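Read the structure below first, then the notes.
The values are calculated or read from the model by the stated rules, or taken from the named source; none is laboratory data. Source: prediction; values computed, not measured. Virtual Cβ from ideal backbone geometry, glycine too; neighbours counted across all protein chains shown.
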C-alpha cells in the first residue's frame, strides 16, 4: 500500500528536537525528509546523549528517535555555493522546516518571502523559542526554558515549597512538534484548494502556554492564585497520589466523585468512609480533606501497589500507576498499542512511535538514522549536478559524506 506522504519532499534546516521532530512524524507517513547539516561534526543533536544527566548508552538514542527515516545532506551554509545549493533544493521541496533565528534566516536568504517567490507552492514551517516578533525574538530557547520554565508549568507541578523539577529531555519539544505537524497538514490542505503554499509559525513559548492553558486561563479570568498542594494538605483527597506497602505509588483521580465516592470506598474495603459525616457530602470531604488523605494513606499502605492495581481495576476506579522509565519501556499495553516499533536493519532495536495512526494509511517501517552526509552526493545528482561538480563541491569543503 502506498504511503500517504510518499510524494512529499521536506527540507529541514533545524536542530534540537522541536522542528526536526515535526519532520520525523512526516517521515513516518512516507515523506522524504532531507536533513541539512553543517560540515565537520554535523548537527549537534548527534551528541545530545553525552549531556548529563541523560542516561549513558552505547546507542545514540536521541539521534535514532528523531532522525529515523531521514536523509543527511552536509552543506556549508556560510558559503555562497552552499547557500545556492540549499535554495535550489528548497525549490524542489513541498515543505521547508527551520528553527533558525529570524536574523540568521535573513542572512542566509531563506526567508519565506524570498523562497516563496521561487517556489509559490512551498509550505514554510518556522519553529522558534519565543516567537518571531518582540524583544525576545532572537533569544535562545529550549523546551526546558521557553516551554517548561517560562509557561508556569515548572512552578505549578511542584508541591508547595518543594524543590523545582528539571525538565526531561524533549518533554516540551515533542508535543510542540505535533502543533507544527498540524500546521503543515493544514497548509498542505490549503495548497490543494488554492494552489499556493503558506507559512506556519509556532513557538515553544506559545506551546507551553497551551500546555498550561487551564491555569493561565484562570489567571486571565481573575481567579485566585494557584498554590500547588502537597500530598498531605491537598484540598481534594480524591485527586492525590498514594503509596502502597512496597513503596510504589499510584495517582488516584476521582473526578466524578459525587457519583463514584461510595463505590470507591467499597472497593478499598472502607465502606464506612462513605457514611462518615466528615466525608459523606462533597463539601464535607473538601473541608476534611487532610483527615481523609491520612486515612486513605494508612489504608493503601496495607497492601502493595500491584494489589491495589488489581482491586481498583476490578472496580473501574480511575488511577494511574506511577511508572519508572524502565518500566515504561517494558509496558505490555504500550506494546499492544504500537508505541514502540522495530527499526529496520537493527535487530533488537526499537524506537518510540509517533502517537497517532491513520487506519487506511500505514506508516513506513522505521529506517536507521543517517550517517553524516550519507546522501549528499545522491541528492545533488538528483538536482542535476554531474560527478565533476559534486567532487568540486566536496574538494572545496561545501559538502562532505557519501
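Checked against (1) touching a helix residue (DSSP H, G or I) at 6+ places or on another chain (Cβ under 6 Å); (2) over 30 Å from residue 238 (Cβ atoms), residue 319 passes all but a single condition, namely (2). Against the test of being assigned to a loop (DSSP other than H, G, I, E, B) and exposed (fewer than 13 other Cβ atoms within 10 Å of the Cβ), the options 302, 367, 333 yield a single qualifying residue, 302. Of the residues examined, residue 167 is one that is in a loop (DSSP other than H, G, I, E, B), within 14 Å of the chain's Cα centre (by Cα) and at pLDDT 95 or above. Within the stretch 98-109, can you find the residues that are touching a helix residue (DSSP H, G or I) at 6+ places or on another chain (Cβ under 7 Å) and either crowded, with 19+ Cβ neighbours inside 10 Å or not in a loop (DSSP other than H, G, I, E, B) (or both)? Across the stretch 98-109, the qualifying residues are 98, 99, 108.
Checking each residue in the stretch 350-363 for being in contact with a helix residue (DSSP H, G or I) (Cβ under 7 Å, 6 or more places away or on another chain) and either outside the structural domain of residue 71 (by TED's automatic domain parsing) or closer than 15 Å to residue 64 by Cβ (or both) picks out 351, 352, 354. Once the stretch 32-49 is narrowed to residues that are within 20 Å of the chain's Cα centre (by Cα) and free of Cβ contacts under 8 Å to residues at least 24 places away in the same chain, the residue that is farthest from residue 94 (Cα to Cα) is 49. Being touching a strand residue (DSSP E or B) at 6+ places or on another chain (Cβ under 6 Å), on the phi < 0 side of the Ramachandran plot and in the same structural domain as residue 246 (by TED's automatic domain parsing) is not true of residue 311.
Given the conditions (1) surrounded by fewer than 16 Cβ atoms within 10 Å (Cβ to Cβ); (2) at pLDDT below 95, which single one is not true for residue 229? Condition not satisfied by residue 229: (1). Restricting attention to the stretch 54-77, the residues that are free of Cβ contacts under 8 Å to residues at least 24 places away in the same chain and within 20 Å of the chain's Cα centre (by Cα) add up to 2.
Here's the yes/no breakdown for (1) assigned by TED's automatic domain parsing to the domain that holds residue 197; (2) more than 21 Å from the chain's Cα centre (by Cα); (3) within 21 Å of residue 33 (Cα to Cα); (4) assigned to a loop (DSSP other than H, G, I, E, B):
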{"site": "115", "(1), (2), (3), (4)": "yes, yes, yes, no"}
{"site": "124", "(1), (2), (3), (4)": "yes, no, yes, no"}
{"site": "131", "(1), (2), (3), (4)": "yes, no, no, yes"}
{"site": "134", "(1), (2), (3), (4)": "yes, yes, no, yes"}
